[in-house]
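The next block holds one structure in the form of structure tokens; read it before the comments.
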Amino acid sequence: MNNFAKIIEVERGDMKFAYVQNDEINYLDLFDQFLAEEGHHQLLDPSDKLERYTYLINHNQSKFIFKIDGGVEHRLERKLIAKITGDFYFNLIRKLAKISLDKCDIAYELYLVAFDKRTKRHYMIFNFIEGRSLKWEEMREYGDQVKNCIEKLHSYNLVSNDVHGGNFILTPDGKIKAIDLTNSGFIWLTKANDAIEAQERFDIKIKVPFFAMAIKMFTHGFKRLSRKIRGKED
């Protein structure tokens, strides 16, 4: 059973790691094993983004997701935000560990994050969630659960920032879990993105601070007006 209260951070050569302590699985060993056998694992949904891959790992009758993100952020504002808030994935593992510790079963679990300072690659090991993505029309059907899921994520300063069926998994026992989360940047503002998208796309009302919603509604309306003036569709 995972002890999510304990996150271990170590460095090994050019690699920096953060992983959850587990009495049954050594995630560092699992990481090393994957790298040794990378070409033998099932590649899931190859990304159209450079150097971003997702693999399925079978280990001792359990399934894990291994993700490689080699994308380097070139936008100055994102680099500055990262300098202030810290590494995206290392922050993410701490927040998801807190959710698991609180037994709040609303998202995936992140077991290991590694960063190669030489190649600038990130590596992650997640749990594999059994189930399927929600269809677009099902977002309304499961609206109460989606609303509850998003509002709980917000309480841990995590956001979806892209509310659609593909980012929510329906498990065999009927639970809704969120995937592809965001935890960087100005989260208090990004929460309003979730509220706007949920309301406009699926008539799901999410509670967020009034001031954040007011700012986002203004910028959202300005962008739509700009696109309309330029003759582009929403």
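Results, tabulated for the structure shown:
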quantity: Segment 112-234: C-alpha gyration tensor shape, a/c 1.5 cut-off, then a/b vs b/c; calculated: oblate
quantity: Under-5 Å amide H pairs with I204, H placed in peptide plane, nonlocal only; calculated: Q199
quantity: Derived scalar couplings ³J(HN,Hα) [segment 64-70; Karplus, 6.51 cos²θ - 1.76 cosθ + 1.60; whole Hz; x for Gly, Pro]; calculated: 10, 9, 10, 10, 10, 10, x
quantity: Highest-first arrangement of 29-37, 151-159, where packing means the average Cβ count within 10 Å; calculated: 151-159, 29-37
quantity: Segment 110-116 - phi-based ³J(HN,Hα) in whole Hz, Karplus 6.51/-1.76/1.60, Gly and Pro as x; calculated: 10, 9, 8, 10, 10, 10, 8
quantity: Inter-label distance for S133 and L43, nm, one decimal - labels placed 7 Å from Cα along Cα-to-Cβ; calculated: 1.9 nm
quantity: Residues with amide H under 5 Å from that of L44, placed H, sequence gap 5 or more; calculated: T54, Y55, L56
quantity: HN-Hα J in Hz across segment 142-158 - Karplus 6.51, -1.76, 1.60, θ = phi - 60°, x for Gly and Pro; calculated: 9, x, 5, 5, 4, 4, 4, 4, 5, 5, 5, 4, 4, 5, 9, 6, 10
quantity: For peptides 117-123, 87-93, sequence by mean Cβ density within 10 Å, most packed first; calculated: 87-93, 117-123
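Values quoted throughout were computed directly from the atomic coordinates according to the rules given, and no laboratory measurement underlies them. In this text, all values refer to a predicted model and were calculated from it rather than measured experimentally. For neighbour counting, all protein chains shown are included, and Cβ atoms are generated from backbone atoms with ideal geometry for every residue, glycine included.
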